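Input: a single structure, listed below in structure tokens.
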Amino acid sequence: MVVFCIFWLVSAGAGQAAARTLVDAAGRSHELPDKVGRVICSGSGCLRLLTYLGAQDLAVAVDDIEKRDLRQEARPYALANPQFQGLPLFGEFRGQDNPERILALSPAPQVILKTYSTMGTDPEELQKKTGIPVFIINYGDLGARRADFDRSLRLMAEVVGRKERAEAVIAYVDAIIADLKKRAGDLPEAARPRAYVGGISAKGAHGFASTEPGYPAFALTGTVNVAAAVGAGKSQINQADVSKEQILAWDPQTIFLDLATLQMGETAGGLSELKTDPVYRSLSAVKAGRVYGVLPYNWYTINFECLLANCYYIGKTLQPERFADVAPKAKADEIFAFFVGEPVFGQLNAIFQGLAYEPVPLAQ
């Protein structure tokens, strides 16, 4: 009996020593197990990042967006992981977590990973109600918040034990950006093509007037964004709605249509507007047939893999001599295979009427 007690005390002490302290993006300290094997991902894009790390098998439940049978699904990580639909439900999308559902999960998560922590259920409240560490991560982007993106991968990797993979993802993104810069970075300002991207999503589908002044795929390919002035003097602006008259005044040489706008149906959204609206029909790019479809960029926040794939199509379209060796659809599959483990371009393109990386037919 004495020997058993001593063994129990030693084992308990070893278990406590195995715990570690990690600090999340909000500066909150958490005591976590030495090895985390069960998590849930709360908030936009959180499960996407876990998939990038090759750790999606650690998710024991999902929010309701993963359970929906969407007619149009633009998230490569979800297409590559249909098993997510079969996992238990722990709450609603955009971080609307249900503590009671979480407490009922079996097996229980050891950590709740959470992006966009100011949306949905308050992290402190969720942690108190469940007794489970809520580890906050800032999602980031490939523009002004690139450091947040890298840090988010490293923090999540530290939690789930995928540090080598995080560094590989960061290095892969660095290599693509370096390649794009090498191809297009030396273009003088006067020689840079001018373009507009319409149909950008923001918490749902929008029409052709929805754009992004700092659209990263333009910035990374040396493309002049005609809408850039909309964000001038503002520290952070993502999606913006501009007037038809302003688009007509810009009269961009080339137009890219974010195919997320097709969610609005056949009689609404950017594609329908370009086919029927007299103002848009008068645009030079529409008349010349220089309107091209690109993969949805912002769908349950940023699809980084779609963004990087779009860069190669945009580069090939606007600067064909500098991207002569690139086959954009094949490049997209290479990128998807690296990020989410499956080359899902064909599946994704079929969902969006085969319009990705093609001229958009606008005949009435």
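Of all residue pairs spaced 6 or more apart or on separate chains, those with beta-carbon atoms under 7 Å, a first member in segment 221-235 that is among the β-branched types (V, I, T) and a second member that is in a loop (DSSP other than H, G, I, E, B) and at pLDDT 90 or above are T223/R192; T223/P193; V224/R192; V224/P193; V226/P252; V230/P213; V230/V242.
Taking first residues from segment 316-339 that are closer than 14 Å to T223 by Cα and partners that are assigned to a helix (DSSP H, G or I) and among the aliphatic types (A, V, I, L, M), the Cβ contacts under 8 Å between residues at least 6 apart in sequence or on separate chains come to Q319/A184; R322/A184.
Of the residues making up segment 21-74, those that are part of a loop (DSSP other than H, G, I, E, B), among the β-branched types (V, I, T) and surrounded by 23 or more Cβ atoms within 10 Å (Cβ to Cβ) number 0. In segment 32-53, the residues that are in contact (Cβ under 8 Å) with a residue 12 or more places away in the chain and farther than 18 Å from A171 by Cα form Cβ pairs under 6 Å with partners that are outside any helix (DSSP H, G or I) and aromatic (F, W, Y), at six or more places apart or across chains, as follows: I40/F90; G43/Y116; S44/Y116; S44/Y300; G45/Y139.
In segment 101-146, the residue that is nearest to T51 (Cα to Cα) out of those that are of a type in the set (F, W, Y) and in contact with a strand residue (DSSP E or B) (Cβ under 7 Å, 6 or more places away or on another chain) is Y139.
In the list K128, K114, which residue meets the criterion of being more than 15 Å from P216 (Cβ to Cβ), of a type in the set (K, R) and crowded, with 21+ Cβ neighbours inside 10 Å? Spell out how you get there, then give the answer.
Numbers: K128 fails: crowded, with 21+ Cβ neighbours inside 10 Å.
None of the others qualify; the one that does is K114.
Tally the residues that are of a type in the set (A, V, I, L, M, F, W, C), part of a helix (DSSP H, G or I) and surrounded by 23 or more Cβ atoms within 10 Å (Cβ to Cβ), restricting the search to segment 249-283. The number of residues fulfilling the criteria is 5.
The requirement of being in a loop (DSSP other than H, G, I, E, B), surrounded by fewer than 17 Cβ atoms within 10 Å (Cβ to Cβ) and outside the structural domain of S272 (by TED's automatic domain parsing) is not satisfied by A324. Of the residues screened, F338 is one that is surrounded by fewer than 19 Cβ atoms within 10 Å (Cβ to Cβ) and out of contact with any Leu (no Cβ under 8 Å at 6 or more places or on another chain).
Among residues that are among the hydroxyl-bearing types (S, T, Y), touching a Phe, Trp or Tyr at 6+ places or on another chain (Cβ under 8 Å), within 26 Å of C41 (Cβ to Cβ) and not assigned by TED's automatic domain parsing to the domain that holds S42, Y300 is included. Just need a number here: residues in segment 197-214 that are at negative phi and touching a Leu at 6+ places or on another chain (Cβ under 9 Å). The qualifying residues number 4. Screening segment 340-362 for residues that are in contact (Cβ under 8 Å) with a residue 60 or more places away in the chain and over 21 Å from the mean Cα position of the chain (by Cα) and picking the one that is farthest from T254 (Cα to Cα) gives Q353. Just one residue in the set D122, D150, D141 is farther than 30 Å from I255 by Cβ and crowded, with 17+ Cβ neighbours inside 10 Å; that residue is D150. Inside segment 196-205, residues that are within 17 Å of S243 (Cβ to Cβ) and either touching a helix residue (DSSP H, G or I) at 6+ places or on another chain (Cβ under 6 Å) or free of Cβ contacts under 8 Å to residues at least 60 places away in the same chain (or both) make up a count of 2.
Taking the criterion of being over 20 Å from A61 (Cβ atoms) and part of a loop (DSSP other than H, G, I, E, B), would at least one residue in segment 112-129 satisfy it?
Yes, that holds for at least one residue.
The values are calculated or read from the model by the stated rules, or taken from the named source; none is laboratory data. Predicted model only: the values in this text are computed from it and were never measured. Every residue, glycine among them, receives a Cβ derived from its backbone with ideal geometry; neighbour counts consider all protein chains shown.
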